[in-house]
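Below is one structure; the comments refer to it alone.
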Amino acid sequence: MNSATDNALAERQAIQWLAVLAGQPSQAQLCAFERWLAQGPAHAQAWEDASQAWAHSEVPARRLADEDAQALGALLAAMDAPARRPRRRWAAALASAACVLALLGSAAGWRPDHWLQDLGADHVCPPGPVCSTTLAEGSRLTLDAGSAIAVDFAHGSRQVQVRRGAVFFQVAHTGQPFRVHAGSGEVQVMGTEFEVRREAGGERVTVLSGRVSVRAAPGQPEQILGADQQVAYRDGQATAVGKVDSAAWLAWRDGWLNYYQAPFAQVVSDLAVHYPGRILLLGDGLGQRTLSGSFPSQNPQAVIDSLQKVLGFEQSRFMGLIVLR
């Protein structure tokens, strides 16, 4: 193996030793660790780096472990739902997940919170560039990084469910209805190009051209959107239809993220879907700071480095995890 491969292997082994030593290691394990540490300078350096990263990352690692345990518990519950077999024993084990394993998982892009949303998805766009697909009836879809959809054309109408992320639709005219479901709401297509986006704070529909009908929930009033209009909804409650620069809003299709007085937390959330590891923002004060600008989505690390000079926050990086504070 070359030196780069040796160093990468030593880093992974150092994290594994952190997991062992964080518990109650036996005397045999302690002796094995000492032998591993003495095998060469690469091991000693990897252990020093891992120890320093752990000293700075224990709090975010615990938070990641808690989030991942909850997500895995929800995944198991969903898998067991048809048979109504609870897995309390598994849930208890997941709740006590080791924090160091959360750090290790970050290096591989391990995201249990996405697994549940991806169950039954027909198209998933991984972190990185946007993805494009053409449905069987000719409609063209552009999925933002980190997005997932399910498609159902089996009941006399064309239906797409946005399970997570953002999707831009260019709908083919076939004479059949085309509906998009996201959260509690439904979008009825009336010949158009539009985006449906699912975020932590709710759902949002933006029209580039044509018209769509939006209902925030069954039984709620219908809202008609035209070009350069947008509406947001959450838990069945919708905002008023507003004006928007749809070309700027939809620039993510060309690799650009545009903001005007946006909270830093939103920028970090958008960058995170293009980053193969995990980005964790600590502190509400930093997340609420606002900024404006246009940033390339292809290199989240470079954007964070640039914003660090402007906002003056600290960042720690290790094994695929970026912590901002």
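The values are calculated or read from the model by the stated rules, or taken from the named source; none is laboratory data. Please read all numbers here as calculations on a predicted model, not as lab measurements. Because the Cβ atoms are built from the backbone with ideal geometry, glycine has one as well, and the counts that use them run over all protein chains shown.
What number of residues within the stretch 117-152 are loosely packed, with under 15 Cβ neighbours inside 10 Å and either among the hydrophobic types (A, V, I, L, M, F, W, C) or in contact with a helix residue (DSSP H, G or I) (Cβ under 6 Å, 6 or more places away or on another chain) (or both)? Residues that pass the stated criteria total 2. (1) over 30 Å from Arg12 (Cβ atoms); (2) modelled with pLDDT under 95; (3) surrounded by 17 or more Cβ atoms within 10 Å (Cβ to Cβ): which one isn't true of Gly285, the others all being true? That leaves (3) as the condition not met. Report whether or not Val267 is surrounded by 17 or more Cβ atoms within 10 Å (Cβ to Cβ), in contact (Cβ under 8 Å) with a residue 60 or more places away in the chain and within 30 Å of Val214 (Cβ to Cβ). No, not satisfied. Determine whether the stretch 240-262 contains at least one residue that is exposed (fewer than 14 other Cβ atoms within 10 Å of the Cβ) and assigned to a loop (DSSP other than H, G, I, E, B). Scanning the stretch 240-262 turns up at least one residue that is exposed (fewer than 14 other Cβ atoms within 10 Å of the Cβ) and assigned to a loop (DSSP other than H, G, I, E, B).
Here's the yes/no breakdown for (1) touching a Pro at 6+ places or on another chain (Cβ under 8 Å); (2) farther than 24 Å from Asp270 by Cα; (3) surrounded by fewer than 22 Cβ atoms within 10 Å (Cβ to Cβ):
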{"residue": "Val162", "(1), (2), (3)": "no, no, no"}
{"residue": "Gln170", "(1), (2), (3)": "no, no, yes"}
{"residue": "Arg179", "(1), (2), (3)": "no, yes, yes"}
{"residue": "Glu195", "(1), (2), (3)": "no, no, no"}
{"residue": "Gly201", "(1), (2), (3)": "no, no, yes"}
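When each of Ser306, Ser297, Ser292 is tested for being touching a residue at least 60 places away in the same chain (Cβ under 8 Å) and outside the structural domain of Arg197 (by TED's automatic domain parsing), the lone residue that passes is Ser297.
Across the stretch 296-308, a minimum of one residue is classified as in a strand (DSSP E or B) and surrounded by fewer than 21 Cβ atoms within 10 Å (Cβ to Cβ). Looking across the stretch 129-148 at every residue that is in contact with a Cys (Cβ under 9 Å, 6 or more places away or on another chain) and among the aliphatic types (A, V, I, L, M), the one that is farthest from Gly165 (Cα to Cα) is identified as Leu141.
Here is a yes/no grid of residues against (1) under 21 Å from the mean Cα position of the chain (by Cα); (2) under 28 Å from Gln298 (Cα atoms):
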| position | (1), (2) |
| --- | --- |
| Gln170 | no, yes |
| His181 | yes, no |
| Gly201 | yes, yes |
| Pro218 | no, no |
| Glu222 | no, no |
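Scan Arg35, Arg12 and give me the residue that is modelled with pLDDT of 70 or more, of a type in the set (Lys, Arg) and over 30 Å from the mean Cα position of the chain (by Cα). Just one listed residue meets the conditions, Arg35. Does Gly320 count as in contact with a Ser or Thr (Cβ under 9 Å, 6 or more places away or on another chain) and in the same structural domain as Cys125 (by TED's automatic domain parsing)? Answer is no for this residue.
This table checks each residue for (1) touching a residue at least 60 places away in the same chain (Cβ under 8 Å); (2) under 17 Å from Val207 (Cα atoms); (3) out of contact with any Asp or Glu (no Cβ under 9 Å at 6 or more places or on another chain); (4) not assigned by TED's automatic domain parsing to the domain that holds Glu195.
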{"site": "Cys125", "(1), (2), (3), (4)": "no, no, no, no"}
{"site": "Gly128", "(1), (2), (3), (4)": "yes, no, yes, no"}
{"site": "Cys131", "(1), (2), (3), (4)": "no, no, no, no"}
{"site": "Thr134", "(1), (2), (3), (4)": "no, no, yes, no"}
{"site": "Leu141", "(1), (2), (3), (4)": "no, yes, yes, no"}
{"site": "Phe153", "(1), (2), (3), (4)": "no, no, no, no"}
{"site": "Val171", "(1), (2), (3), (4)": "no, yes, no, no"}
{"site": "Val180", "(1), (2), (3), (4)": "no, yes, no, no"}
{"site": "Gly183", "(1), (2), (3), (4)": "no, no, no, no"}
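Kindly indicate whether any position in the stretch 54-72 is out of contact with any strand residue (DSSP E or B) (no Cβ under 8 Å at 6 or more places or on another chain) and at pLDDT 80 or above. Checked the stretch 54-72: no residue is out of contact with any strand residue (DSSP E or B) (no Cβ under 8 Å at 6 or more places or on another chain) and at pLDDT 80 or above.
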